[in-house]
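The values are calculated or read from the model by the stated rules, or taken from the named source; none is laboratory data. Treat the numbers as computed from the prediction; the structure is a model and nothing was measured. Backbone-built Cβ (ideal geometry, glycine too); neighbour counts: all protein chains shown. In case anyone asks, the SASA skips ligands and DNA or RNA and just uses the protein heavy atoms, side chains included. Shrake-Rupley method; radii C 1.70, N 1.55, O 1.52, S 1.80 Å.
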Amino acid sequence: MEAMWLLCVAAAVVAWGFLWVWDSSERVKSREQGGRLGAESRTLLAIAHPDDEAMFFAPTVLGLARLRHWVYLLCFSAGNYYNQGETRKKELLQSCDVLGIPLSRVMIIDSRDFPDDPGVQWDTEHVASVLLQHIEVNGINLVVTFDAGGVSGHSNHIALYAAVRALHSEGKLPKGCSVLTLQSVNVLRKYISLLDLPLSLLHTQDVLFVLNSKEVAQAKRAMSCHRSQLLWFRRLYILFSRYMRINSLSFL
């Protein structure tokens, strides 16, 4: 037991050491990422359900804010699986306010075409059409969404990836519009919080956002806006998930 305790302490020290190194070079990293992402770009975050923006993408949203991006949010469902759609829409708007996304840049689709249901496959062409319309209307030059694993494996998450992948591969995106996808990780890495930082630093392909302590508190406040979803296991998620602190993303 003593050996296990010492191992945990050592791992925590290593993780915090990496975090210190990250903090000390944050300005340099931000400049480098700003060069790749383009400062003051118009970014569209495409999510499937209210709470995705805080549960999975908070580090990206807050990281893009550092780069002075104009972040737009497009949510493809009201999260009405348990008939809580109206409540969840209000919670999403509250969360976006905490994360610094103006409500005028938030669009929530509440349509039978995109039900909040892991058992329903959303039509890829229809999702892609809605995405493309939103991209063109708002002059978007960077799209951020899930990868092929959808982080949690939810079919609605994966549907967004399939749609944006189709737009990208078919050359339908406007000239200069890039796509970033959030990297899914295995269950162990998903729930070791900052202990995953060394692996994230080693394995991130293109973009890595790591929150400082002030931003972590902001992300937690955003997630806390989703009161209807704060069951005991989601409270544990807030404490231990790397996605509340770290986002690794890859360009298509």
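Couple of notes before you dig in:
- Test: residue in region 240-250 that is of a type outside the set (Gly, Ala, Ser) and farther than 30 Å from Ala128 by Cβ: yes
- Output for region 195-242, where each listed residue is buried (at least 19 other Cβ atoms within 10 Å of the Cβ) and over 25 Å from Arg88 (Cα atoms): Leu195, Asp196, Leu197, Ser200, Val207, Leu208, Phe209, Val210, Leu211
- Test result for Leu45, in contact with a Phe, Trp or Tyr (Cβ under 9 Å, 6 or more places away or on another chain) and part of a strand (DSSP E or B): yes
Matching residues to (1) touching a Lys or Arg at 6+ places or on another chain (Cβ under 8 Å); (2) over 19 Å from Phe76 (Cα atoms); (3) touching a residue at least 40 places away in the same chain (Cβ under 8 Å); (4) not acidic (Asp, Glu):
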| residue | (1), (2), (3), (4) |
| --- | --- |
| Gly171 | no, yes, no, yes |
| Gln183 | no, yes, yes, yes |
| Asn186 | no, yes, no, yes |
| Ile192 | yes, yes, yes, yes |
| Ser200 | yes, yes, yes, yes |
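- The set of residues in region 104-145 that are farther than 19 Å from Arg68 by Cα, part of a helix (DSSP H, G or I) and not hydrophobic (A, V, I, L, M, F, W, C) comprises Thr124, Glu125, His126, Ser129, Gln133, His134, Glu136.
- Annotation: Ala148 fulfils all but one of (1) over 28 Å from Lys190 (Cα atoms); (2) without any contact (Cβ under 8 Å) to a residue 40 or more places away in the chain; (3) touching a Phe, Trp or Tyr at 6+ places or on another chain (Cβ under 6 Å); the unmet one is (1).
- Selected residue (criterion: farthest from Phe251 (Cα to Cα)) from residues of region 174-194 that are among the hydrophobic types (A, V, I, L, M, F, W, C), open to solvent by 40 Å² or more (accessible area, probe 1.4 Å) and under 18 Å from the mean Cα position of the chain (by Cα): Ile192
- A count restricted to region 112-134 and to residues that are surrounded by fewer than 14 Cβ atoms within 10 Å (Cβ to Cβ) and under 18 Å from Leu44 (Cβ atoms) stands at 1.
- Taking the numbered list (1) modelled with pLDDT of 95 or more; (2) outside any helix (DSSP H, G or I); (3) open to solvent by 40 Å² or more (accessible area, probe 1.4 Å) in turn, His168 passes all entries but (2).
- In this structure, Ile101 does satisfy being assigned to a loop (DSSP other than H, G, I, E, B) and either within 15 Å of Ile47 (Cβ to Cβ) or among the small types (Gly, Ala, Ser) (or both).
- Residue count, region 74-109 (criterion: among the acidic types (Asp, Glu) and either touching a Leu at 6+ places or on another chain (Cβ under 8 Å) or open to solvent by less than 60 Å² (accessible area, probe 1.4 Å) (or both)): 2
- Hits in region 50-73 - residues which are within 21 Å of His154 (Cα to Cα), surrounded by fewer than 24 Cβ atoms within 10 Å (Cβ to Cβ) and aliphatic (A, V, I, L, M): none
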